[in-house]
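Asker: The following block contains the structure, expressed as structure tokens.
The values are calculated or read from the model by the stated rules, or taken from the named source; none is laboratory data. What you see is a predicted model, and the numbers here were worked out from it, not measured in a lab. Note that we place each Cβ from the backbone using ideal geometry, even for glycine, and neighbour counts take in every protein chain shown.
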Amino acid sequence: MRVFVTGATGYVGSAVVRELLDHGHSVIGLARSEKSAEALKNAGAKPHNGSLEDLDSLRKGAAQADATIHLGFNHDFSKFFENCAYDGEVIRAIGNELAGSDRLFLTTSGTAILTPGKISKETDLAPSGDMVNPRVASEYAGGEMAQKGVKIAAVRLAPSVHGPGDQGFVRMLADLAIQKGEAVYVDEGQNRWCAVHRLDAARLYRLALERNEGGVHYHGVAEESVPFIDIAEALGRSLDLPVSAKSSDDAEMYFDWLHFMAVSDSPASSAWTREVLCWSPKEPSLIADIDSGFYRETDG
């Protein structure tokens with residue numbers, strides 16, 4: 001299958017490209033720079049010049065392919081609301097190109113958009129209202145495209161997609177702990193994250209592509225419930241730093257904008273995903289990766 005991939009040189013995207021190529025698919029990867037284009041060529045993929053900001057380039061990339069996997073996202077969290085809203089525009093642009101065809105459009109969302117405090121399932125829908133996670137914009141746009149006849153499905157990734165080179169939330173927690181001189185959890189630290197290794201996530205995307213079904217959500221979750229205190233204590237061990245509990249007010253000063261994730265209670269099940277895709281995560285756990293020392297050096 002010929003697959004157009006956005007975010008093809010990113011942390012997760014590069015693993016997905018490798019997974020697709022290793023299993024006989026051909027890849028057209030979105031490249032916004034010569035460096036990205038060269039990396040894709042070296043991997044064995046065909047670069048497609050463009051960017052997330054150039055919607056016409058996205059439509060042209062999707063038009064060349066049998067299926068599209070959308071992994072690109074602007075991770076500038078100072079503009080998180082705007083970036084989430086714009087991701088909806090990206091999905092609409094690609095979706096309108098694919099409407100009426102039988103070509104799968106596989107998008108990316110997150111389990112943290114679902115109702116907190118309970119173990120979420122793939123059949124759960126993103127809530128609506130003023131207090132929802134802004135990342136729901138991607139699924140709202142996906143729903144609009146489904147109504148227009150797009151064969152669209154979504155992979156909801158865990159808050160922690162970990163492994164060597166992680167630049168996500170755990171990397172940010174590690175950098176903050178190094179900067180502040182301690183690893184911190186909030187209150188009793190019993191709020192829960194789910195987690196998945198980058199390579200397990202890549203396999204999931206490939207299996208979802210090959211299943212070729214629209215109208216479903218898959219959960220990229222290898223561990224459904226990791227208490228935040230366990231993450232903080234593992235960072236403390238790995239970084240040789242003290243670990244402490246803080247009240248919500250003090251924790252908000254410590255975490256700043258990252259506070260919303262530090263208190264997030266968003267466990268999620270992947271039982272259905274595992275069953276229908278025959279997906280069996282096999283890479284190291286989040287705590288094992290932290291203990292291995294990936295997070296000892298500061299970002300950059």
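Asker: Got a sec? Which of Thr107, Thr115 is of a type in the set (Ser, Thr, Tyr) and within 20 Å of Arg211 (Cβ to Cβ)?
Answerer: Exactly one residue qualifies, and that residue is Thr107.
Asker: Considering only region 66-92, how many residues are more than 26 Å from Leu21 (Cβ to Cβ) and either not charged (D, E, K, R) or not assigned by TED's automatic domain parsing to the domain that holds Tyr218 (or both)?
Answerer: Looking only at that region, the number is 9.
Yes/no per residue for (1) within 19 Å of the chain's Cα centre (by Cα); (2) of a type in the set (Gly, Ala, Ser):
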| site | (1), (2) |
| --- | --- |
| Asp256 | no, no |
| Asp265 | yes, no |
| Ser270 | yes, yes |
| Arg274 | yes, no |
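Asker: Still on this structure, I have one more. For region 6-59, what are the residues that are among the aliphatic types (A, V, I, L, M) and outside any helix (DSSP H, G or I)?
Answerer: Ala8, Val27, Ile28, Leu30, Ala31, Ala45, Leu52
Asker: Only one of these is more than 20 Å from Gln64 (Cα to Cα) and out of contact with any helix residue (DSSP H, G or I) (no Cβ under 7 Å at 6 or more places or on another chain): Lys35, Lys41. Name it.
Answerer: Matching residue, one of Lys35, Lys41: Lys35.
Asker: OK, next. What number goes with the only condition from (1) in contact with a strand residue (DSSP E or B) (Cβ under 7 Å, 6 or more places away or on another chain); (2) surrounded by fewer than 16 Cβ atoms within 10 Å (Cβ to Cβ); (3) charged (D, E, K, R) that Lys180 does not pass?
Answerer: (1)
Asker: Go through (1) farther than 18 Å from Val161 by Cα; (2) crowded, with 18+ Cβ neighbours inside 10 Å; (3) of a type in the set (Ser, Thr, Tyr) for Ser26 and report which single condition fails.
Answerer: Unmet for Ser26, out of (1) farther than 18 Å from Val161 by Cα; (2) crowded, with 18+ Cβ neighbours inside 10 Å; (3) of a type in the set (Ser, Thr, Tyr): (2).
Asker: Next question, about the same structure. Return yes when Ala112 is under 18 Å from Asn74 (Cα atoms) and at pLDDT 95 or above and no when it is not.
Answerer: It is false that Ala112 is under 18 Å from Asn74 (Cα atoms) and at pLDDT 95 or above.
Asker: Also, quick follow-up: Suppose we keep only residues that are among the small types (Gly, Ala, Ser) and part of a loop (DSSP other than H, G, I, E, B) within region 73-100. Which one would you say is surrounded by the most Cβ atoms within 10 Å (Cβ to Cβ)?
Answerer: Out of the qualifying residues, it is Ala99.
Asker: So the check is Cβ under 8 Å with 6+ separation or different chains; which pairs have a first residue in region 38-50 that's closer than 15 Å to Gly72 by Cβ and a second one that's aromatic (Phe, Trp, Tyr) and surrounded by 22 or more Cβ atoms within 10 Å (Cβ to Cβ)?
Answerer: Partner pairs satisfying both residue conditions: His48/Phe4.
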